[in-house]
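Here is the structure we will look at, set down as structure tokens.
The values are calculated or read from the model by the stated rules, or taken from the named source; none is laboratory data. This structure is a prediction, so every number in the text was calculated from the model and none was measured. As a convention, Cβ positions derive from the backbone with ideal geometry for all residues, glycine included, and neighbour counts pool all protein chains shown. When the accessible area is computed, the model is the full protein with side chains, heavy atoms only, and any ligands, DNA or RNA have been set aside. Shrake-Rupley method; radii C 1.70, N 1.55, O 1.52, S 1.80 Å.
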Amino acid sequence: VGEVVGPIVFGVADLYGWPGPAMPMVVVANEVTEAWVLHREVLEAVVSAQDKDLVAECLATTVRPFDPAPIAALPFFAGCAGGDIAGLVKHRQERVFWPSEELCQEGMLIRSLMNLHSGTVIVEQQGQPVLELSAPVVFGELSLVGAQCVAGATLRASSICVVAMIHPAVYNFCLSAHREGFLGIGVSKTAEDPEFWSSRVPPQLSVVGTLQGLSSATRARLLDVMTTVVFFQGQKITTAGSRGDWMGVIAYGECDVHVGGVAVDKFGAGDHFGEVIMLGLEEKWTVSIVAATPVVEVRKLSLDAFHSALDRHANDRAKIMMVSEYRTAAKAAVLDVSALKVTYFEDCSDAFMDDLLHSLERRIFFFDAEISVENTDSNSFGIVAMGTVEVLKGDDVLARLTRGSYFGELAVLGLREYRRARICAASDYVEVYFLHQSVLDHVKQRHPADKLVIDRAAAHIRAELQAMRAHRQDVSWVHSIDFFSQCSTEFKTAMTK
């Protein structure tokens, strides 16, 4: 499964009597190989007085037995049979890291799947400690298929740590040994195959509004040039006010979205952010995104990688160049407070409205891109800043919305659970600002007087909606219409709905 050139040390776990995998068979590959063997009895007999305490600590350390469950739980191995996982982890390498030793270094490639299954580590960012993590911590699985997997922080052992490592050579060995397909992936599936990425790493880039108008070939190429960055709990993935030129898609784990140091929203696998930053329509991050689970993996698409992927696709490149042409107009499309003067904001203070305006999220959509999906959960309020959008029920156009129009004003108050219609971009370039319910709740907490105004208005709207629903269920008024007099009650009820 691999070839090594000395010097290499192995068997430390056996030396201290810790649980570990069976030693691999080592075959001499050249004429002469020299190995030094150290037995535990010899170690105890010859250790110097000053090192006795350290050796005694190692011998007394209780190492947590290896558990394959955290590896099996990774989305990468979804649908994998327990026997397949057992076959893979059987060939793991167990490595011991001593206190202050680095498991991985910030900005460097992670070349193996790593599972810290015993001990604690310090997460350091730019040389500063962020927090301490305890086992189990698993990361780097995408390195198994040749993806560039970069450490977003340095992990430094703060105790004796035991790490189970699965190398790409081992993964490929297991892959070739299972001719029927290993882990549900055919032998031909590799990192070069777009179908592999779209099925294993959520989400597909077709969900990103800015990229929906691009061809599937371009999106597949973009997936190929994205870099996976591993972040650890408590790390800042983006910092409000700092400059950026990339977008991210969360492949694994969860993040908290912070505004003014307070968590106002949560991102999970499949969520994306930063497409407006990547395209240069914003220079700085408006929120801080912080890793909220022990490990968060982000698929990162930089501006340079984005343009290199477009070089092969002239039509899609022309669409993106159109964004540059719209930049000047986009500056004029920035909303002012008047755009937010919906019914329940009319009596709010200027300070509240200004705070709310700076809490909006801007998104870009190309022609025919889906802005909102019918019959899906919704908790956001959208305002069209530029272009035209269509409200559709099936294939029927119910309305066209232009600059200043809005949708979802009930959803942001929690008064509507789902979208009743589909909303799509109807012009070449569309900008929409979104106000999310969690963000509104956060801003309301900073302005107690305005919170009372909005809550009072929301209660009034809720009462009106309940009265309307009750009226819809009452079909007695239909009996007064001669045309429907002979129809069944069931028909009349269905018609009024």
If I filter the range 287-302 for residues that are modelled with pLDDT under 85 and open to solvent by 70 Å² or more (accessible area, probe 1.4 Å), do I get at least one hit?
no
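A quick yes/no check of all residues on (1) surrounded by fewer than 16 Cβ atoms within 10 Å (Cβ to Cβ); (2) without any contact (Cβ under 8 Å) to a residue 40 or more places away in the chain; (3) at positive phi:
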| position | (1), (2), (3) |
| --- | --- |
| 232 | no, no, no |
| 246 | no, no, no |
| 249 | no, no, no |
| 264 | no, no, no |
| 268 | yes, yes, no |
| 274 | no, yes, yes |
| 277 | no, yes, no |
| 280 | yes, no, yes |
| 311 | yes, yes, no |
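Residues that are at pLDDT 80 or above, farther than 28 Å from residue 237 by Cα and in a helix (DSSP H, G or I): does the range 309-326 have at least one?
Narrowing the range 309-326 to residues at pLDDT 80 or above: none.
No, because not a single residue in the range 309-326 is at pLDDT 80 or above, farther than 28 Å from residue 237 by Cα and in a helix (DSSP H, G or I).
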What's the total number of residues in the range 116-160 that are closer than 14 Å to residue 76 by Cα and of a type in the set (S, T, N, Q)?
1
Those residues of the range 229-270 which are more than 13 Å from residue 295 (Cα to Cα), out of contact with any helix residue (DSSP H, G or I) (no Cβ under 9 Å at 6 or more places or on another chain) and in a loop (DSSP other than H, G, I, E, B) amount to 239, 240, 241, 242, 261
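Please indicate, with yes or no, whether at least one residue in the range 234-241 is more than 22 Å from residue 108 (Cβ to Cβ), open to solvent by 20 Å² or more (accessible area, probe 1.4 Å) and at pLDDT 85 or above.
So in the range 234-241, the residues more than 22 Å from residue 108 (Cβ to Cβ) come out as 240-241.
With the extra rule that they be open to solvent by 20 Å² or more (accessible area, probe 1.4 Å), the set shrinks to 240-241.
Pick out the ones that are also at pLDDT 85 or above and you get 240-241.
Yes: the range 234-241 contains one or more residues that are more than 22 Å from residue 108 (Cβ to Cβ), open to solvent by 20 Å² or more (accessible area, probe 1.4 Å) and at pLDDT 85 or above.
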Pull out all pairs, ordered by first then second residue, where Cβ-Cβ is under 6 Å, the residues are six or more apart or on different chains, the first lies in the range 395-410 and is acidic (Asp, Glu), and the second is surrounded by 13 or more Cβ atoms within 10 Å (Cβ to Cβ) and assigned to a strand (DSSP E or B).
409/381
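Within the range 417-466, count every residue that is aliphatic (A, V, I, L, M), open to solvent by less than 60 Å² (accessible area, probe 1.4 Å) and more than 28 Å from the chain's Cα centre (by Cα).
Quick first cut of the range 417-466, residues aliphatic (A, V, I, L, M) only: 421, 423, 425-426, 430, 432, 435, 439-440, 443, 449, 452-454, 457-459, 461, 463, 465.
Going one step further and asking which of them are open to solvent by less than 60 Å² (accessible area, probe 1.4 Å), we end up with 421, 423, 425-426, 430, 432, 435, 439-440, 443, 453-454, 457-459, 461, 463, 465.
Pick out the ones that are also more than 28 Å from the chain's Cα centre (by Cα) and you get 426, 453-454, 457-459, 461, 463, 465.
Qualifying residue count, the range 417-466: 9.
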Filtering the range 379-405 down to residues that are in contact with a helix residue (DSSP H, G or I) (Cβ under 7 Å, 6 or more places away or on another chain) and open to solvent by 20 Å² or more (accessible area, probe 1.4 Å), which residue is farthest from residue 283 (Cα to Cα)?
379
Note on residue 47: of the conditions (1) open to solvent by 50 Å² or more (accessible area, probe 1.4 Å); (2) over 28 Å from the mean Cα position of the chain (by Cα); (3) modelled with pLDDT of 75 or more, unmet is (1)
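Quick grid of which residues meet (1) in a strand (DSSP E or B); (2) open to solvent by 10 Å² or more (accessible area, probe 1.4 Å); (3) over 19 Å from residue 292 (Cβ atoms):
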residue: 95; (1), (2), (3): yes, yes, yes
residue: 100; (1), (2), (3): no, yes, yes
residue: 121; (1), (2), (3): yes, no, no
residue: 155; (1), (2), (3): yes, no, no
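Answer yes if at least one residue in the range 63-75 is assigned to a strand (DSSP E or B) and buried (at least 18 other Cβ atoms within 10 Å of the Cβ), and no otherwise.
Filtering the range 63-75 for residues assigned to a strand (DSSP E or B) gives none.
The answer is no; no qualifying residue exists.
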Positions within the range 332-378 being in a loop (DSSP other than H, G, I, E, B), at pLDDT below 85, of a type outside the set (Val, Ile, Thr) and open to solvent by less than 70 Å² (accessible area, probe 1.4 Å), in sequence order
333, 335, 359, 360, 369, 374, 378
Identify, by number, the condition in (1) under 22 Å from residue 291 (Cα atoms); (2) in a loop (DSSP other than H, G, I, E, B); (3) open to solvent by 60 Å² or more (accessible area, probe 1.4 Å) that residue 107 doesn't meet.
(3)
